[in-house]
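Following: one structure in structure tokens, then a few remarks.
What follows is calculated from the coordinates using simple rules that are stated; it is not laboratory data. It should be emphasised that the depicted structure is a prediction, and the values quoted were computed from it without experimental measurement. Glycine gets a Cβ as well: all are built from the backbone with ideal geometry, and neighbour counts include every protein chain shown.
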Amino acid sequence: MIRLAIESGEQEVWNEVAPRLRGASVELIHDGLPPDSLPHHCDAVVFDGSTDARAENVERWLRAGKHVLLVTGSCLSYDVVELGLGVASQCAVQLAIVNPDHYLPSRQAIRRQLDAGNLGEPVLVRIHRWESTATENSQPRGLLGLMVRDLEMASWLIGSQPNSVFCVGRTGDESGSTSGRIVQVHLGFAHGAMALLDWTNRLPPGDRYQTLSVIGSAGAAYADDHQNMQLLYRGGHPKALRTDEGVQQWVTMVQEFVGGVEAGRDLSTSVAAWREVLTVTQAVERSIESRQAILL
């Protein structure tokens, strides 16, 4: 039985995940534990992305001899990647970095269609991520903290890293406010495929909206929040409630990590791949500032 410490602000989610795990127990802890209060009886820790996993925080868990699963989001930076790889190797423990969106049932279904060849070669990936200002303000890295998953998702689905990046849009007003952002990111790939990602924080507080389209040479697949809306009638105008994909993504993700640790598999390949994702992220930042295409 692997004992997992979970650094998270989402207690309700993990209360549902814990009983579904095989060969692992879960202990929820709060962010920013003092260095002398780590739960040393635990074998591994999961940073679920709801808190800011600073490099020094990841480092002290690794140096304590604990395996680490880092769920990407606003916390990801070069410091975390480089320091984590070095310390994990020194201390003979595992460090894995994953994109939780890979484990959404809808995204896994699209991945299976690609792997089976049913869509042919992927030629276009289209992703919308529409949030509210409140959502962005809760992320330490703002816009790019929210977009890093989509940048990685596009490369994962197409099967390679982009060789060019071009961004357009507005990233705030003259007063410095970041409300009303609209940004489009175009990724070009060497073999002719492309991805178009758009992000905005102009939605009012409440539900966000996401959609993913993959167009292949022989077919297409879609995952759209709009299609998962259910009408609720309770007098007056009906409301549309989104059907959530549930906690299965977290169960699958953590179970894969537990299995890798138990089997002694090298999980560092997942970390090395994020170096390239962060290079793309930096190119996005430069393109937004310069309003020019960036070649990688």
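Based on other C-beta atoms within 10 Å, arrange Ile288, Ile97, Ile182 from fewest to most.
Ile182, Ile288, Ile97
Spin-label point model (7 Å from Cα, Cβ direction): what's the Thr269 to His191 distance in nm?
It is 1.8 nm.
Under the rule of at least 5 residues apart or a separate chain, name every residue whose amide H is placed under 5 Å from the amide H of Ala64.
none
For Cys91, Cys42, which order do you get if you count the other beta carbons within 10 Å of each Cβ and list the fewest first?
Result, fewest neighbours first: Cys91, Cys42.
Could you give the DSSP H helices of the chain that reach 30 angstrom or more along their long axis (alpha carbon positions) and whose average Kyte-Doolittle hydropathy is no lower than 0.0?
269-290
Most fluctuating residue of Glu262, Glu276, Glu285 in a GNM of the chain with Cα springs under 10 Å: which is it?
Result: Glu262 has the largest fluctuation of those listed.
Rounded to the nearest 500, what is the 222 nm mean residue ellipticity of the chain from helices alone, with -39500 (n - 2.57) per DSSP H run of 4+ residues and division by all residues?
-10500 deg cm²/dmol
Between Leu241 and Ser89, what FRET efficiency comes out of the Förster formula 1/(1 + (r/R0)^6) with R0 = 41 Å and r the beta carbon distance, rounded to 0.05?
0.30
If you take every DSSP beta bridge fully contained in the chain, what fraction is antiparallel? Give it as a percent rounded to 5.
Within the chain, antiparallel bridges account for around 55 percent of the total.
Between His226 and Gln113, what length comes free when the chain is fully extended (0.36 nm per residue of separation minus the Cα-Cα distance, one decimal in nm)?
Result: 38.6 nm gained on full extension.
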